[in-house]
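Below is one structure; the comments refer to it alone.
The values are calculated or read from the model by the stated rules, or taken from the named source; none is laboratory data. What you are looking at is a predicted structure, and each value in this text was computed from that prediction instead of being measured. Here Cβ is always computed from backbone atoms with ideal geometry, including for glycine, and neighbour counts include all displayed protein chains. The protein model used for the area step is the full one, side chains on, heavy atoms only, and it has no ligands, DNA or RNA in it. Shrake-Rupley method; radii C 1.70, N 1.55, O 1.52, S 1.80 Å.
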Amino acid sequence: MKVYEQPYTIPGISVRREGDELRIVLEAVAPSDYQLYIGGKPDAKSISQLAAKSRNGVFHLTLPAENGPYYFMIKAENFQTNIFSERVLQLKEAINVRDMGGYETEDGKFVKWGLLYRGDQLSKLVPEDITMLERIGITTLVDYRSDHECTINPNKKIGTVKNLLHCDPQSSFSEAAANAIDLHSENVKLVTSLENGEVEEKYLNGKGEKVILSYRDLVTAEIAKKAYGQFLHACADPDKLPLLHHCRGGKDRTGFGSMLILLLLGVKREQIIEDYILTGIIREDRNQLKYEQYRELTSNQNYLDYLMAMIETRREYIEASMDCIYELYDSVEDYMIRHFELTKERIDAMKEIYLEEGSAGWDR
């Protein structure tokens, strides 16, 4: 049975799932009478059921994955944590759908859980997956995929969804799938394009320079401005929450959108990077499989290095976007106002919606 280390919950907390067994550890604490509370909704009033006690901050629970998500708080005398949960939803047929809550801002606040989700393709969801997303109450889906991608792999219907937004930034990341009907044909098209000289030779290495250029381009491209502007304005509407934004793999188009909303909320730069590179951790096995598939089509190592650079999740990729914003604008707020036509008042209102104070006694 696969052991799943849930990454990046909140500082000082680790969560490990093995099947239906959950191990939660409050790290580096002195012995005390710690109590773990659980609930089905991400608000303190709902997290009221005492699930376990511990002197050393280590808790063992049996919680069926398909009945999640679960939300937790740990309390002791003069101490309590913020709300936390398993970051990655335990769906059977989508591996990269995750809650964007729990990240810390520069001024010590935390993003609330249960409001904003990012994900990969939703075309293969099984009934249990759909039930979980409906239990969460997903109200809005933002789909960054191209018309072609949506046609060949349409999303499954989620009963709670009232708003479907098609926000295709027409980035280079979707070009490979433009005329492909399946993964094999897409791989063939990628390799053929390299053999035909459609990619400049200077990029045919493992440096990822073309990816970096693509991430910088998303900052200023007009079509991307329209797509991500729709996304951000949807995020600003409390009636559209909870919201799930996604593309096919949940890496590039969704990664850029996630960076935008976390930047707007003032999340620490390193945590924005961690949120981005998590896709690479989740998709490590799949990336290795893709590498083997590429090797069946070409033995040219420069091609292989280039192709792997395209699917990897390197911190310098998302840093390229952030750095470009700071090069062109006075501040993140300046970028959001001038580029996406958000007002300062609306940005402040979004922070009120998405952020909460750190709990008393929680100073990691």
message = Between Leu304, Leu289, Leu260, where does the largest GNM mean-square fluctuation fall for the chain, given springs only between Cα atoms within less than 10 Å?
response = Leu289
note = Whole-percent tail of the Cα-Cα distance distribution for the range 218-301, cut at 17 Å, equals 59 percent
ask   = Which value at 222 nm does the chain reach when only helices count, each DSSP H run of 4 or more adding -39,500 (n - 2.57), with the total divided by all residues and rounded to the nearest 500 deg cm²/dmol?
value = -12000 deg cm²/dmol
message = Starting from the 7 Å offset along Cα-to-Cβ, what nm value, one decimal, do you get for the label separation of Gln49 and Ala349?
response = 3.6 nm
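Ignoring ligands, DNA and RNA, please state the percent of accessible area on the range 284-364 from carbon and sulfur, probe 1.4 Å. Working shown, then result.
Values: 1880 of 4540 Å².
Its accessible area is 41 percent carbon and sulfur atoms.
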inquiry  = How charged is the neighbourhood of Asp305? Take every other residue with its Cβ under 14 Å from the Cβ of Asp305, and add Lys/Arg as +1 and Asp/Glu as -1.
reply    = +3
ask   = Extension gain Glu5-Asn196, at 0.36 nm per residue separation less the Cα-Cα distance, in nm?
value = 64.5 nm
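Which order do peptides 274-280, 156-162 fall in by mean Cβ count within 10 Å, highest first? Walk me through the numbers before you get to the answer.
Values: 274-280: 20.9, 156-162: 14.0.
So the peptides 274-280, 156-162, ranked by packing, come out 274-280, 156-162.
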task = Would you pull out the residues with amide H under 5 Å of Ala52's amide H, same chain only if 5 or more places away, H placed 1.01 Å from N?
result = Leu36
query = Ordering Leu204, Leu133 from largest to smallest accessible area (1.4 angstrom probe), what's the sequence?
reply = Leu204, Leu133
query = Taking amide hydrogens as modeled 1.01 Å from N in the peptide plane, which residues meet the under 5 Å criterion relative to Thr105, leaving out close sequence neighbours?
reply = Phe110, Val111, Lys268
Of all accessible heavy-atom area on the range 146-271, the percent that carbon and sulfur account for (1.4 Å) = 50 percent
message = If I take every Cα pair under 8 Å that is 6 or more residues apart in the chain, average their sequence separation and divide by the length, what percent do I get for the relative contact order?
response = 17 percent
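To the nearest 20 Debye, how big is the dipole of the chain about its Cα centre, given +1 on the beta carbon of each Lys and Arg and -1 on that of each Asp and Glu? Kindly include the intermediate steps, with their values, before the conclusion.
Working: 45 positive and 59 negative charges, 178 e Å.
The calculated dipole for the chain is roughly 860 debye.
For Glu186 and Asp330, calculate 0.36 nm times their separation in residues minus their Cα-Cα distance, and state this gained length in nm to one decimal.
Working: separation 144, 0.36 × 144 = 51.84 nm, distance 4.05 nm.
Extra length from Glu186 to Asp330 when fully extended: 47.8 nm.
At 1.4 Å probe radius, can you tell me the per residue accessible area of the chain in Å²?
Numbers: 16440 Å² over 364 residues.
I get 45 Å² per residue for this part.
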query = Under 5 Å between amide H atoms, partner at least 5 residues away or on a different chain: which partners does Gln80 have, H built in plane at 1.01 Å?
reply = Trp362
key: Centroid-to-centroid separation of the range 81-103 and the range 273-327 [C-alpha atoms, Å]   = 22 Å
message = What are the extents of the Cα atoms of the chain along their three principal axes, in Å, largest first?
response = 67, 49, 39
Fully extended contour minus Cα-Cα distance, from Glu274 to Gln35, at 0.36 nm per residue = 83.2 nm
inquiry  = Quick check: pseudo-label points 7 Å beyond the Cα along Cα→Cβ at Arg295 and Lys240, how many nm apart are they?
reply    = 4.4 nm
task = Would you check the accessible area of Thr131, probe 1.4 Å, heavy atoms only, in square angstrom rounded to 10?
result = 70 Å²
inquiry  = Tell me the accessible surface of His233 in square angstrom (1.4 angstrom probe, heavy atoms of protein chains only), to the nearest ten.
reply    = 60 Å²
request  = Can you find, among Gly119, Ile272, Gln35, the residue farthest towards the positive end of the dipole of the chain? Put +1 on the C-beta of Lys and Arg, -1 on that of Asp and Glu.
outcome  = Gln35
